[in-house]
Amino acid sequence: MSADFVFEVDNLEKNFGGLAVTRNVTLAMRPGDRVALIGPNGAGKTTFVNLVTGHLKPDSGKVRLGGNDVTHFKPTQRVHHGLVRSFQVTRLFLDMTPEEHIALAILQRSGKSGRMAGNYISHPGMLFEVDELLSTLGLTAMRHMKVREIAYGQQRLLEIALAMALRPKVLLLDEPAAGVPQSDTGRIEEALSKLPGDLAVLMIEHDMDLVFRFAKRVIVLAAGEIIFDGSPTDVTRDPRVREAYLGSYGHDRNVA
Amino acid sequence: MQTVFSIAIDALAYGMVLFVISIGLSVTMGLMRVVNLAHGAFAMIGGYIASYAVRDLGLAYGFAVLLAVFATIIIAIPVERLLYRRIYGAPELTQVLMTIGITFCVIGIANYVFGPTLKTIPLPEHLRGPIDLGFRSIAAHKLFAIGCGAAVALGLWYLIERTSFGVKLRASVDNASMAAALGVRTQVVYAASFAIAVGLAAFGGVVGAELLPIEPYYALRYMVTFLVVVSVGGAGSIPGALLACLLLGGIDTTGRYLMPEYGEFFFYLAVIVIVSFFPRGLLGKAN
Amino acid sequence: MTAVNEIPLATSAPTGHGHLKRDLIGLAIISLFAVLGYLVFPNNLALLTRIIAILLLVLSLDLVTGYCGVATLGHAALFGSGAYAAGIAAVHFGITEPITMVVIGAAAGAVAGLLSGAIILRGHGLSQLVLSIAIIHLFHEAANKASTYTGGSDGLSGIAPDAVFGLFQFDLWGRTAYIFGIVLLLVVFMLLRQLVQSPFGMLCRGIKEDPVRISAMGASVRGTLLKMYTISGAVAGVGGALTAISTQVVGLDSLSFTMSAEALVMLVLGGTGSLYGAFIGTFVFMFFEDFVSAANPFHWLTLVGALLIAVVLCAPRGIYGTVVERLPSLWRRRS
Amino acid sequence: MKKIIISMVAAITMCSAATADTIKIGVVGPFSGPFALQGKNFKAGIDAYIATHGAGKIGDNDIEIVYRDVPQADPAQSKALAQELVVKEGVQYLAGFYFTPDAMAVTPLLEQANVPLVVMNAATSAIITKSPLIIRTSFTTWQTSAPMAKVAKERGISKVITVVSDYGPGVDAENAFKTTFGAEGGTVVESIRMPLATNDFSPIMQRVKDSGAEAVFAFLPSGPTTLGFVKAYNENGLKQAGVQFLAPGDLTQESDLPALGDPAVGILTTFHYAVSHDSAENKAFVQAASKAIGNPAELSFPSVGAYDGMHVIYKMIEATGGTQDAQKAVDAVKGLAWESPRGPVQIDAQTRHITQNIYLREVAKHEDGTFYNKEIKTFEKQGDPGLAAVK
């Protein structure tokens, strides 16, 4: 509502059959925010992401980007309005090179991906921007290799680079470090720290160490509801959060 | 009213014949994930063997059917080992290329061995001629085909849902490496289900020969029909295939009665509508 | 990680210039073969022209199947629409200028592509195949029904194209038709090379590999594929128009499932996803068919079947695809 | 430009013909594929003629047949092959052609190539009008269908339903019957056109039953669908109900009869040729053709079209002495009459189509259990009434 919020979610509701999977979720982010969204398994994080990106239709509630109501927009239109996501499992084009990936994203951003003539290399400023992004993420050495030939950690970096090439205003990072060997997580974190300062980032993550180092604010989702929204230092002390996590672990243990 | 009943009976009979011939393809496509365009070729082989057995060897119809089924399976075993095993899990286009190649070969060989003329499978006395249903008469062999369809549907359902072989088959399909780790010999399971599919094709070829006569181009002529029927039903789903056959049989028969000159339009428009709304087929499972 | 450093940067960066060079080489090779064909088979030009027309169909199929991953057994619908449009324009509307006929064919093919694309793209995998089969049968029936315009099963005859530029009459040896076809092919090939290397071509390859990622980048998957289908239709339509012009007759077979299936077989035979694969597949299949059917017309089907099986067993990625795969060093140097 | 090319062609081909002592005849037909049987019959008819007429020699000239395969109706392929036959093989005569579109595709070539075309099967009336260099030795669907309307009338049938496959020849048959039957004062109560790819004919038979017609006039392409149609006619009780089955003879071609079997007995057809035709010429022909085809059960009507086609070509070669002059060759056989295995025939000087007897036949069973078309009535010297319908 306030003009300086770049991303707002108002009273979002979603039911599958009779089951409420998203209940009255409200949150807002400003440019430069670093927010982590956490929650136990089955808390409804995936559903929430799908509602925000537009792959699911909410039963009620609103999603706004930069003050515009995008609730009824298609996923691709939301991307045009500055909402970009990354994937938990890399989704890349195995037979294309990192350079081509970035170039495609840049072309898409600038509305030139439908051009049927010429080559991306000949576009003015293109190679410069590609160089910059690849070197920021340390991918320069493998720019001409096929993605299927490079290591998974580097694929994760490329995933981030791809998102950045789209110059989003709001970035949804879905477990950016998932599946990456411990030795490589440092490089992911480094990449995250280099994200533009005015970008609002919402990161969904399980790795609490990463959450604490990255986020200035933590939101906890449990059973489809936001049960906590505050600073990382407070989150472990919150009784509802403790109950949501430990309660479920306790329950699991009983079953086992 | 009488006409409606009459059309309904025709539709049922046609649908069931389609079912008996196509269900084997549903097994290969749904459970083994092979787009087997050579299905009709195996049905045709069955038909030729039965025809030869009845006309030239003078065997009784029942024996000829059994002989056709088993001989076709025996012919198919080396084909499975040498050719099909190479395309399990391959891209659809590769499977299409291979199975079209097999079809071409079978057609060429059939043409060479049996000649280009039509081959009939003489029916036993009690299946010949019409049976009076009161309001109309119907060919006895059509009733026989309806019965065969019902028996095949029940038998397959029992095999897949109720026997340990069915459990192993479904496990192998869902996750081959996991099933293998649990001690299921997946190669054997695949070979066995391929044999069942081929046997069903041969059986269907023989039972359906009154409607779809046996000649060398049988394998190509009806290929599309089989593929369409199975896809509309949902590959791998027996009730789905049954439903699709009855539905498409009904649409086809009614269309040909009401507006025969637009018969093809009805059939294929129905296919487009159904597949658009049910991309996995009527009762197909999500992968 | 270490492996990464071992692969040297010797793989020179592809530049716009390098692409152009490769295209010119491709163009030169095709022209060379065209001249060779003319000199070596001066009495088979009609057949060679027919191969060019089919090649245009296979190239068009490669655009949607090879570059976008859409499986279809109904691509002759686009080809036949082009052929009939050019033929009907000539017979019923007196438009007999060959280049105009090609343009009409391309336009009709594009419309047919848009139409069938809109339906086929509703499905995935197997359901795509089935939808495409249904479409080709509907097109075929429609042409059969509209016999006033299409001649129905008797075929549309009486197409009498003018001389090209008013100078080059279509002659008995098929020389004009052959050169006309070669020029069309070269133009189409050049345009398609541009297309597949353009940003749009890259987008299509992306869709083939992962449509979800493409839509997450904000591009419309359906819209892009529809565009490609329309372009593909125009290419197939040019092929159809070439048939109508060079043979002066159009039959229902040009809208048949058989022709669609043969085109797919030729493409997979050569190798999907590269224009050269389409070339090789078409030539190998057509020559094999012509050679074997002339040697023994009574039993050639068996041999064609055996060829297909052999290709699947020995060259699973198609002839061109497998050669490229087996000669990685050569390929690296060239790309 | 065009004239120059024509004269060039003429010059080249003429001097090649003058020196060559081998005369080539290009035959296009379905030698593989679903219609391979008909192509086989072409070859059998041609071989039979050559074997019984000088073993491949006319005077000093050797005769060579060059076969080209068009498995299914495919006019573009047909034209490309015909072109190849003319320019590469240097054939002086084109012959064969099972399907109408394939023949139509070739007609624009003839004048330029200076080559006559002898149609050995394709049965649409209009073909012959497309070029003055075409001669047809087979039949047209109009020619064989129209007499059936007279038969129906004679037998006291006044209400008929027509059922045809929905493609060119089917529509021809329907029009031929309707026109003639109407002129005879009968009524066609309903006309059904069904798709070529029809497997189950029960709904069609239901329509026939509902129409209240006394007879059904049917046309389907010879082959697998015929079998289903005849079976459906029996099984749906139309035979018992006394609905007479009428058709042109394509439906009961001899090679399909063993498969059709008992259900076909009693079907009335009109056609130009039955393998069982009783004459010395036919006995000699059947003997030679059976030997050529291998399996006598595969012998069918296209063989006689091919046999007589060869007769015409031989006469043309004799008339031109082996030089290539298409117009002279065609002129030489206009009005040619001879005794064919099918009976007395003549090439009509006006239309260049064959005038012949059309026979009414009934499917009957021999004592040894085989089936044949028994000729029971003759309509003498029938031309092609279909040409009147061609504008």
Q) Looking only at the stretch D:153-175, which residues have a backbone nitrogen under 18 Å from a spot 7 Å from the Cα of D:LYS377 in the C-beta direction? A) D:153-161
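Among rounded, prolate and oblate, which fits chain D when a ≥ b ≥ c are the square roots of the eigenvalues of its C-alpha gyration tensor, a/c under 1.5 means rounded, and a/b larger than b/c means prolate? Don't skip to the end; give the middle numbers.
Numbers: a/c = 2.04, a/b = 1.76, b/c = 1.16.
Prolate is the answer for chain D, as a/c is 1.5 or above and a/b outweighs b/c.
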Q | Nitroxide proxy distance, nm - points 7 Å out along Cα→Cβ at D:GLN287 and A:MET116 | A | 7.0 nm
Q. Taking the Cα centre of the protein assembly as shown as the origin and placing charges on Cβ (Lys, Arg +1; Asp, Glu -1), which of D:HIS277, D:SER211, D:PHE139 is farthest toward the positive end of the dipole?
A. D:SER211
Q.
If I take R0 = 41 Å and measure r between the Cβ atoms of D:GLU64 and B:ASP56 in this structure, what FRET efficiency does the formula 1/(1 + (r/R0)^6) give, to the nearest 0.05?
A. 0.55
Q) Counting Lys +1, Arg +1, Asp -1, Glu -1, what net charge surrounds C:LEU308 among other residues with beta carbon under 14 Å of its beta carbon? A) -1
Q: Give me the aspartates and glutamates in straight-line cross-link reach of A:LYS216: C-alpha distance below 16 Å, same-chain residues under 8 apart excluded.
A: A:ASP33, A:GLU189, A:ASP198, A:GLU205, A:ASP207, A:ASP229, A:ASP234
Q: Report the label-to-label distance for B:PHE165 and D:ALA241 in nanometres (one decimal), using points 7 Å from each Cα along the Cα→Cβ vector.
A: 4.6 nm
**Q.** Estimated dipole of the protein assembly as shown in Debye, rounded to 20 [Cβ of Lys and Arg +1, of Asp and Glu -1, Cα centre]
**A.** 2060 debye
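What is the average number of partner chain Cβ atoms found within 10 Å of a Cβ in A:142-149? Please report the intermediate quantities before stating the final value.
Values: counts 4, 3, 8, 4, 0, 1, 0, 3.
Partner Cβ neighbours, averaged per residue: 3.
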Q) Which whole number gives the average count of other chain Cβ atoms within 10 Å of the Cβ atoms across peptide C:147-153? A) 4
Q) What does the charge add up to near D:ILE134, with Lys and Arg as +1, Asp and Glu as -1, over the other residues with Cβ less than 14 Å from its Cβ? A) -1
Q: Within the stretch A:11-34, find all residues whose amide N lies under 20 Å from a label point positioned 7 Å from the Cα of A:GLU243 along Cα-to-beta-carbon.
A: A:20-26
Q) Can you give the net charge of the other residues whose Cβ lies under 12 Å from the Cβ of A:LEU134, counting K and R as +1 and D and E as -1? A) -4
Q: Determine the calculated [θ] at 222 nm for chain B from helices alone, applying -39500 (n - 2.57) to every DSSP H run no shorter than 4 residues and normalising by the residue count; nearest 500 deg cm²/dmol.
A: -23500 deg cm²/dmol
**Q.** Cα gyration tensor shape for the stretch C:24-109, rounded if a/c is under 1.5, else prolate or oblate
**A.** oblate
Q | Additional length obtainable on full extension of the chain from A:THR140 to A:ASN15, 0.36 nm per residue less Cα span | A | 40.4 nm
Q: As a check on your grasp of the helix formula, calculate [θ] at 222 nm for chain D: sum -39500 (n - 2.57) over DSSP H runs of n ≥ 4, divide by the residue count, round to the nearest 500.
A: -12500 deg cm²/dmol
(Q) Run the numbers for B:PHE277 and B:PHE5: contour at 0.36 nm per residue of separation, minus the present Cα-Cα distance, in nm. (A) 95.0 nm
Q. Which whole-angstrom value gives the distance between the alpha carbon centres of the stretch A:180-229 and the stretch D:98-157?
A. 82 Å
Q: Compute the separation of the alpha-carbon centres of the stretch B:135-199 and the stretch C:119-139 and state it in Å as a whole number.
A: 28 Å
**Q.** Distance in nm between pseudo-label sites at A:ARG23 and A:GLN88 (7 Å out along the Cβ direction from Cα)
**A.** 2.2 nm
**Q.** FRET efficiency, 1/(1 + (r/R0)^6) with R0 56 Å, evaluated for C:THR100 and A:GLU190 via beta carbons
**A.** 0.35
Q) What is the Cα centroid distance between the stretch C:32-48 and the stretch B:1-49, reported in whole angstrom? A) 47 Å
Q) Can you flag which of D:LYS334/D:LYS381; D:LYS178/D:LYS209; D:LYS283/D:LYS328 are past 25 Å Cα-Cα? A) D:LYS283/D:LYS328
Q. Ranked highest first by average number of other Cβ atoms within 10 Å, how do A:168-174, B:213-219 line up?
A. B:213-219, A:168-174
Q: Using only the Cα atoms of the protein assembly as shown, build the gyration tensor, take square roots of its eigenvalues as a ≥ b ≥ c, and label the shape rounded, prolate or oblate: rounded if a/c is under 1.5, else prolate if a/b is larger than b/c, else oblate.
A: prolate
Q) Where in the stretch D:345-372 does the label zone of D:GLU154 land, with the point 7 angstrom along Cα→C-beta and an amide N cut-off under 20 Å? A) D:345, D:355-364
Q. What's the angle, to the nearest 10 degrees (0 to 90), between helix D:280-293's Cα axis and the longest principal axis of chain D?
A. 80 degrees
(Q) With angles folded into 0 to 90 degrees, how steeply does helix A:152-165 sit against the dominant principal axis of chain A? Use alpha carbons for both and round to 10. (A) 80 degrees
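With Kirkwood's inverse mean 1/r over C-alpha pairs for Rh, give me the Rg to Rh ratio of the stretch C:13-256, two decimals please.
Over the Cα atoms of the stretch C:13-256, Rg/Rh equals 1.00.
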Q | Per-residue ³J(HN,Hα) for the stretch B:29-43, Karplus 6.51 cos²θ - 1.76 cosθ + 1.60, θ = phi - 60°, Hz, x for Gly and Pro | A | 7, x, 8, 9, 6, 10, 6, 8, 5, 8, 4, x, 5, 5, 4
Q) FRET efficiency for A:ARG167 and B:ALA192, Cβ-Cβ distance as r, R0 = 51 Å, nearest 0.05? A) 0.35
Q | 0 to 90° range, to nearest 10: angle between helix D:75-84 axis and chain D longest Cα axis | A | 20 degrees
Q: Give the percent of DSSP beta bridges with both residues in the protein assembly as shown that are antiparallel, rounded to the nearest 5.
A: 50 percent
Q.
Quick one: 3J(HN,Hα) in Hz for the stretch A:177-191, Karplus 6.51/-1.76/1.60 with θ = phi - 60°, rounded, Gly and Pro as x.
A. 9, 5, x, 8, x, 3, 4, 9, 4, x, 5, 5, 4, 4, 4
Q | Karplus-derived 3J(HN,Hα), 6.51/-1.76/1.60, for each residue of the stretch B:126-138, Hz, glycine and proline x | A | 6, 9, 7, x, x, 10, 7, 9, x, 8, 6, 10, 9
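At 222 nm, what helix-only mean residue ellipticity would chain A give, in deg cm²/dmol to the nearest 500, using -39500 (n - 2.57) for each DSSP H run of four or more?
Result for chain A: -9500 deg cm²/dmol, rounded to the nearest 500.
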Q: Go ahead and set up a Gaussian network model of chain B, Cα springs under 10 Å, then flag whichever of B:ILE100, B:ILE251, B:ILE109 fluctuates most.
A: B:ILE109
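Residues of C:111-122, mean number of Cβ from any other protein chain within 10 Å of their own Cβ, rounded to a whole number?
1
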Q) For chain B, modelled as a Gaussian network with Cα springs under 10 Å, which listed residue fluctuates most, B:CYS148, B:CYS105, B:CYS245? A) B:CYS105
Q: Mind listing the long-range amide H neighbours of D:ILE65? Cut-off is under 5 Å, sequence gap 5 or more, other chains count too, H placed in the peptide plane at 1.01 Å from N.
A: D:ILE25
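Values quoted throughout were computed directly from the atomic coordinates according to the rules given, and no laboratory measurement underlies them. Predicted model only: the values in this text are computed from it and were never measured. Positions of Cβ are backbone-derived with ideal geometry, glycine not excepted, and every protein chain shown enters the neighbour counts.
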